[in-house]
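Since the structure comes first, as structure tokens, the remarks are kept for the end.
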Amino acid sequence: MYARRKLFLTLTLLVGVVLLVAAFLWFRKGTIPAAGGLPLWVQVSPDVPSFLQNDPRWSADPLGVTDGTVGAEGCAVASAAMVLAGRGVDVDPGRLNAFLIQTEGGYTPQGWIYWEKAAEFDPAFTEGLLPHYEDLPSFFLIDWNLLNGNPVIARMRYPSGITHFVVICGKEGLDYLIRDPGSGGVKGVYPFREVADSIEAIRFYRKP
């Protein structure tokens with residue numbers, strides 16, 4: 001009897017430790033793998049249109065006040081346009097880029113988007129989109145948003161060191177599913193891990 005009780009207590013302790021570690025990893029903020037978190041089957045992609053930064057309608061447009069173009073460096077503005085359009089805003093990367101150029105504080109001098117300014121594209125939606133989140137990722141933050149039907153913009157890094165933004169719009173098991181404004185976008189929705197090993201940062205707008 002004593003041996004059985006000791007075994008039960010040992011197993012209970014081990015399970016508790018495993019659950020604590022799992023919870024810590026789920027809530028911990030920092031660079032995380034491109035797959036993980038809770039096993040979920042969630043699809044919010046039907047509400048998120050596919051916008052490619054190299055679409056000829058806007059690919060040659062200058063990005064902000066830089067020498068770059070939307071086609072070459074506009075992954076952030078294209079990702080923001082996808083998320084905003086998914087929330088019902090009548091927008092595309094070309095019009096969003098033009099709006100941010102004309103709006104004070106729309107872009108940094110380096111051509112980096114101010115995400116909160118993008119939410120001002122259509123004033124009728126602004127209050128429902130802000131405040132936004134722009135910081136380190138966690139499995140909890142991504143999973144919770146997906147469970148609530150809210151897509152998440154994620155920053156990754158290519159082996160070359162160049163950063164890139166994509167939109168997480170679903171999950172199958174442990175695989176986060178993305179819409180990619182870059183060359184991978186021709187594949188439609190596909191697993192994040194096929195283009196990157198990790199997620200460095202995330203942005204998402206408030207879900208009403």
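The ratio of the alpha-carbon radius of gyration of the chain to the globular-protein estimate 2.2 N^0.38 Å is 1.18. The trypsin sites (Lys or Arg not before Pro) found in the range 33-103 that occupy coil by DSSP, while having at most 15 further C-beta atoms within 10 Å, are Arg57. Look at the alpha carbon pairs under 8 Å that are at least 6 residues apart: their mean separation over the length of the chain gives a relative contact order of 28 percent. Taking the alpha carbon gyration tensor of the range 157-208, multiplying each eigenvalue by 5 and rooting it gives semi-axes of 18, 14, 12 Å, largest first.
Note on Ile101/Leu174: beta-carbon distance plugged into 1/(1 + (r/R0)^6) with R0 of 45 Å gives a FRET efficiency of 0.70. When the C-alpha to C-alpha distance is required to be over 24 Å, the pairs from Lys29/Lys187; Lys29/Lys171; Lys117/Lys171 that qualify are Lys29/Lys187; Lys117/Lys171.
Please report, ordered by residue number, every helix of the chain (full DSSP H runs) that is 24 Å or longer along its axis going by C-alpha atoms and whose mean Kyte-Doolittle hydropathy reaches -1.0.
2-27
Taking amide hydrogens as placed 1.01 Å from N in the peptide plane, the amide H of Ser198 sits under 5 Å from those of Ala34, Arg157, each at least 5 positions away in sequence or on another chain. Let a ≥ b ≥ c be the square roots of the eigenvalues of the Cα gyration tensor of the range 73-182; is it rounded (a/c under 1.5), or, if not, prolate (a/b larger than b/c) or oblate? The shape class here is oblate. Partner aspartates and glutamates whose Cα lies under 19 Å from the Cα of Lys207, excluding those fewer than 8 positions away in the same chain, are identified as Asp47, Asp90, Glu116, Glu120, Asp122, Glu127, Glu134, Asp135, Asp143.
Since every read-out is calculated from the coordinates, none of them should be taken as a lab result. Since the model is a prediction, treat every value here as computed from it, not as a measurement. Glycine also receives a Cβ, built like all others from the backbone with ideal geometry; neighbour counts cover every protein chain displayed.
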